[in-house]
């Protein structure tokens, strides 16, 4: 299995797994989705995951002429995490999801760069759409929260929105398992 196939399959599986509850149990999913943008505990956990990934990536990137930065990275990333948690808790979960989307989009573009498959542009375009959505979520999370509230206003809208996401996830699964 190539890196592109693995990345696409994992992303498709994640999208299917996160949209399926919205189709089967729309009441519970709507309540959770409407509370999520302001959820501080979820934001702390997700931002902790982002900080840990960034910590590892930056530490491994500091080689040769940047080796002097390793101690700064070891100290600076946890301090930055604590400062973000302490002073930037408004819509923290939305901003953490945006950071995760940026990390995933980078993996998607890296995987497509190594591939010669003609359908790789689907994943590349999706990655850039994710970057745009992440920027939008970071800059104006209140607007994204309002759009989410509109999409989750009724069980019918919730099922429709989650069905569209489920179709995207199934399409990515099919690409990952069959085309790449």
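The values are calculated or read from the model by the stated rules, or taken from the named source; none is laboratory data. Bear in mind that the values here come from a model prediction, so they are computed numbers and not experimental data. Cβ: placed from backbone, ideal geometry, glycine included. Neighbour counts: every protein chain shown.
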Give the residues of region 111-125 that are assigned to a helix (DSSP H, G or I), touching a residue at least 24 places away in the same chain (Cβ under 8 Å) and surrounded by fewer than 18 Cβ atoms within 10 Å (Cβ to Cβ), sorted by residue number.
122
So residue 25 fits all but one of (1) surrounded by fewer than 16 Cβ atoms within 10 Å (Cβ to Cβ); (2) more than 30 Å from residue 121 (Cα to Cα); (3) in contact (Cβ under 8 Å) with a residue 60 or more places away in the chain; what number is the exception?
(3)
For residue 66: the one exception among (1) on the phi < 0 side of the Ramachandran plot; (2) within 22 Å of the chain's Cα centre (by Cα):
(2)
Among the residues in region 1-22, are any farther than 26 Å from residue 132 by Cα, modelled with pLDDT under 95 and in a helix (DSSP H, G or I)?
no
Going through region 166-180 in order, the residues found to be assigned to a helix (DSSP H, G or I) and crowded, with 18+ Cβ neighbours inside 10 Å are 166, 169, 172, 173, 175, 176
